[in-house]
Amino acid sequence: MNFKSYLLLATITLSTFLLSYSQGGRQGQGGWNREAMNIGRLYGKVVDDAGKGIGYASVQLIGMKFDPKTKSRTEAVLAGQITKENGDFDLTKLPVMGEFTLKISVLGYATTEQKVDFGLKRPQGGGKPGAAAGGQRPTGRPGSGGWGGMSGGNFDKDLGNIKLASKTTTLDEVVIESEATLVKLELDKKIFKVDQNSVAVGGTAEDALRNVPSLSVDIDGNLTLRNAAPQLFVDGRPTTLTLDQIASDEIESVEVITNPSAKYDASGGQAGIVNIVLKKERKIGYNGSIRAGIDTRGGFNGGGNINAREGKVNVFLSANLNQRVSKGEGETDRFNLIGAPLTNVLQDTENEFTGTFTSFRGGIDIFLDNRNTLTFSGSFTRGSFDSFNNIDITNDTLSGETVVASGLNQRLSNSERMFRNMGGSVLFKHLFPKKGREWTADVNINEVRTEGIGGFTNIFPGFTSVEEQENDGGSRFFTVQTDYVEPIGKTGKMEVGVRAALRDYDSQNASYLFDRDSGERFRVPNFADEYQFQDAVYAGYATFSQQFTSGWSYQLGLRAESSQYTGELPETGDVFENDFPFSFFPSLFLTKEINKQDNIQLSYSRRINRPSFFRLLPFTDFSDSLNLRRGNPDLLPEFTNSLELTYQNIITKGHDFLLSVYYKQANNLITNYQFLETIGDREVIMTSYANSNNSEAYGTEFTMRNTFSPQVELTTNVNLYQSRVDASNVEDGLINEQFTWFFKENLVIKLPAQFRLQITGEYQSPAAFIPSSGGRRFQWRGVSNTAQGFRKEYWFVDAALRKDLFKRKASLTVSIRDIFRSRRTGTYTESEFFIQDSWRIRNPQVVRVNFSYRFGKPDISLFKRKNNNFNTNGSDMMN
């Protein structure tokens, strides 16, 4: 030990002795004072993975400090500093006795903590300052044991370069672990992580939602939740997009809310709300991904997204291109019970569909300050669809059960359709100084336009007729909403808000026939479809919630909505109007936290289901000659009361289940029904919609997630459902009761060498509702209950295998849809006019291959960099 060291040691020893003596005299205990020895210094530099200094990082030294009020030692921040632009920090006047924690944190990087000390230990025996073991002052000279080796102290310590890992790098392991956690179960909703769903990669929202517990998507893209049509949201707001117009790679998660409170839009009727949450990042720096894929039908997809943030600005942009080639077939066998003689009609259908759509979405978040955020976003989607149908119709004339005559005719159709969908929104959010108090306001505008033309050739024995349809239409959807949250006391909260939703639809379609002699086209007025439709919904709500220390909590809510509807047929001048005054929609939620593993909730809500545009449209759809359809402009909304009891149990880590028992009762249920009508010189059977007396349904749903190991997770969803539709007001004695059940399995297996296998399967039993069969053009009709038939059972299995590449920056996915060609949906209908049996299948055993690459770099000086000639080798991180 050199002279300077001896001199420093002597000075510290003398200072310590004098301070200890003086403090001991004041305290009356003869103790020592650790706080007085503030002569330490720690310094170093905070750097990133590439060795570049990180400025404006928070550096804190945490240790134990004596609190004179409590007469005890408590953990406290002893010193702190913000690093310079080059990453340097220098903490001085630090206590030198004991062990400390150095904590460094900054946005975009993982927080790091490390233990540091100056080589000095606390006096033996612990206790509070001023007392050694047994309440005695430590004795002996420094270095003899009483001072814990003080002679080894270094009070000016260089900690060197302290490297911070980017959050994305640290999250790699979290992502790996959470890949097998696709479902999060909560009392009021289920959250399904679509961005980890391999089966849906490269597809549309139809593929993504098909694997979500409680949801079903039929081959026409109609969405159902517990056998009813839910309200579809995108990012918490209603949308004009259909499921086939949303790329699955744009979806982050899907939220399923089976019994929404008064805070939510009351639409949705017997079902709840399905909210599609699109991907959006707010990480410091930049990150994104690119992707491309093909399938065995000749379809392809590609796209990418990027997000960049620095300081008060966050920008996000994404683009997608998706082409699908679809092939299908079907059969309808109808035995007519009217006419003389009786007839039997067999219709065989083959169809091919090609659709291409491109979409762009972008926006900017402006963080005005710590409490105010302004967000602008917009989207544009454009698509075109071409379809070809070949229908062979065999008409058999019957005498008893014997066929006495048979005729064959053919119907060929080609159609082209184009659509454009544009949307924009502005969102403002303000946080008040009071914790939990906030105000938000947003404006959303969406517009969709469609154009199309279809040609129909009917080949009969001896002659041919040619028809043509032109259609043009669209809709505009405007919403404005504001919400306010106010904490009340320590455990209470009040939420209030108002909302206005304005919709405007128009349709200008025309039908033409070609003269067989001259070949000239002439318009058929009776087949015209010109229609205008406007509606407005105004709403306000208030909810109050309270939590108690006993584990009980409740939420009371009341929503008021009024609606106005006006429809007009320009050619005839007919006007249809409905003006509904304010209707009230109460909700009640009672929740009991039994313990950390068990929770139970009882909920009630009242909801409304307003008839959709196509159900109101008084236009006859002739696309299927055996199933003519027409809307009813006099339909009324249906009102539903829902009661649900939910129990959640977290068995162990990775094993939990959700059990729900529910009851729903509806008035004015919108129902399918058939009737006889004369068109021209022949009688036809028409399908339309009517308000039946009422309906009720009750059932139980069981969802369980089991993580058997870090490599295997299984999610099971089972739903048992009994329904009863009373349509005796439509037809005497017309009551339909049906028991329905379905189950869904989703198995995820992590294999060696970064492989991941996912297998999903679903079974649907017969159900008392019939999805619309008018094709994708009439997808907005939704799902209708029926008192005259049921949907047949079906099942299917999908699978996908994913391989992670380049240290998880990229992945290659191979998926197959409907492995066993078993997704054959059908309906059975029986009325006084006919008995009909039909089935259809579309796109079985399609194999899709997709490749995706993720990139990113957290960098707080992204837009302020003056010198771009620095080394960024190895700095790309996965998203």
Checklist entry - Ser562 to Ala536: extension gain in nm, 0.36 nm per residue of separation minus the Cα-Cα distance? => result 8.5 nm
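Are there trypsin sites (Lys or Arg not before Pro) in region 450-527 that DSSP puts in a loop and that have at most 11 other Cβ atoms within 10 Å, and which ones? Mind dumping the intermediate values first?
Values: sites: Arg476, Lys490, Lys493, Arg499, Arg503, Arg516, Arg521, Arg523; in loops: Lys490, Arg516.
Loop-located and lightly packed - Lys490, Arg516.
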Next on the checklist: For a quick check of your reading of the filter: which GluC sites (Glu not before Pro) in region 559-597 sit in a DSSP loop and have no more than 16 other Cβ atoms within 10 Å?
Outcome noted: Glu571
Checklist entry - Asn86 to Lys312: FRET efficiency via 1/(1 + (r/R0)^6), r the Cβ-Cβ distance, R0 25 Å, to the nearest 0.05? => result 0.60
Item to check | Farthest toward positive dipole pole in region 234-312 [+1 Lys/Arg, -1 Asp/Glu at C-beta], among Gly285, Val234, Asn275 | outcome: Gly285
Next on the checklist: Taking the alpha-carbon distance from Lys490 and a cut-off under 27 Å, which lysines remain once sequence neighbours fewer than 8 residues away in the same chain are dropped?
Outcome noted: Lys69, Lys189, Lys263, Lys429, Lys434, Lys435, Lys592, Lys596
Item to check | Solvent accessible area, Å² - Leu337, 1.4 Å probe, full protein context | outcome: 70
Checklist entry - Which FRET efficiency value, to the nearest 0.05, do you get for Thr464 and Phe380 by plugging their Cβ-Cβ distance into 1/(1 + (r/R0)^6) with R0 = 30 Å? => result 0.10
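Could you sort Glu731, Glu793 by accessible area so the largest value comes first, with the probe set to 1.4 Å? All intermediate terms of the calculation are to be shown ahead of the outcome.
On the way: Glu731 60, Glu793 100 Å².
The most accessible residue leads, giving Glu793, Glu731.
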Next on the checklist: Could you derive backbone 3J(HN,Hα) for region 83-92 from the dihedral phi with the Karplus parameters 6.51, -1.76 and 1.60 (θ = phi - 60°), listing whole Hz in sequence and x where the residue is Gly or Pro?
Outcome noted: 5, 6, 4, 8, x, 6, 9, 8, 9, 10
Checklist entry - Counting other Cβ atoms within 10 Å, which trypsin sites (Lys or Arg not before Pro) in region 786-839 have at most 12 and lie in a DSSP loop? => result Lys807, Arg821
Checklist outcome for this item: Expected field for Tyr484, accessible surface area in Å² at 1.4 Å probe radius, rounded to 10, holds 60
Checklist entry - Given 0.36 nm per residue, what is the gain on full extension from Val480 to Asn667 after removing their alpha carbon distance, in nm? => result 64.4 nm
Next on the checklist: Between Phe584 and Val718, what is 0.36 nm times their sequence separation minus the Cα-Cα distance? Round to one decimal in nm.
Outcome noted: 45.0 nm
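Please compute the alpha carbon radius of gyration of region 252-357, then divide it by the globular-protein estimate 2.2 N^0.38 Å. Two decimals is fine. Present the calculation step by step, with values, prior to reporting the outcome.
On the way: Rg = 24.0 Å, N = 106, 2.2 N^0.38 = 12.9 Å.
Taking N as the residue count of region 252-357, the ratio is 1.85.
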Checklist entry - Between Asn509, Pro461, Val537, whose Cα lies farthest towards the positive end of the dipole of region 436-592 when Lys and Arg beta carbons carry +1 and Asp and Glu beta carbons carry -1, centred on the Cα centre? => result Val537
Item to check | Inter-label distance, nm, simple model (7 Å from Cα along the C-beta direction), Val498/Phe66 | outcome: 6.2
Next on the checklist: Suppose R0 equals 45 Å. What FRET efficiency, 1/(1 + (r/R0)^6) with r the Cβ-Cβ distance, do Asp634 and Leu342 give to the nearest 0.05?
Outcome noted: 0.85
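About the Cα centre of region 247-333, how large is the charge dipole given +1 on each Lys and Arg Cβ and -1 on each Asp and Glu Cβ? Please answer in debye to the nearest 20. Please list the in-between numbers first.
Details: 11 positive and 11 negative charges, 126 e Å.
Computed charge dipole of region 247-333: roughly 600 debye.
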Item to check | Ala753-Ile600 pseudo-label distance in nm [points 7 Å out on the Cα-to-Cβ vector] | outcome: 5.2
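The values are calculated or read from the model by the stated rules, or taken from the named source; none is laboratory data. Just so it is clear, the structure is predicted and the values come from calculations on it, not from any experiment. Reconstructed Cβ throughout: ideal geometry from the backbone, glycine too, with neighbour counts over all protein chains shown. Note: accessible area is taken over every heavy atom of the protein model, side chains too, but ligands, DNA and RNA are not part of it. Shrake-Rupley method; radii C 1.70, N 1.55, O 1.52, S 1.80 Å.
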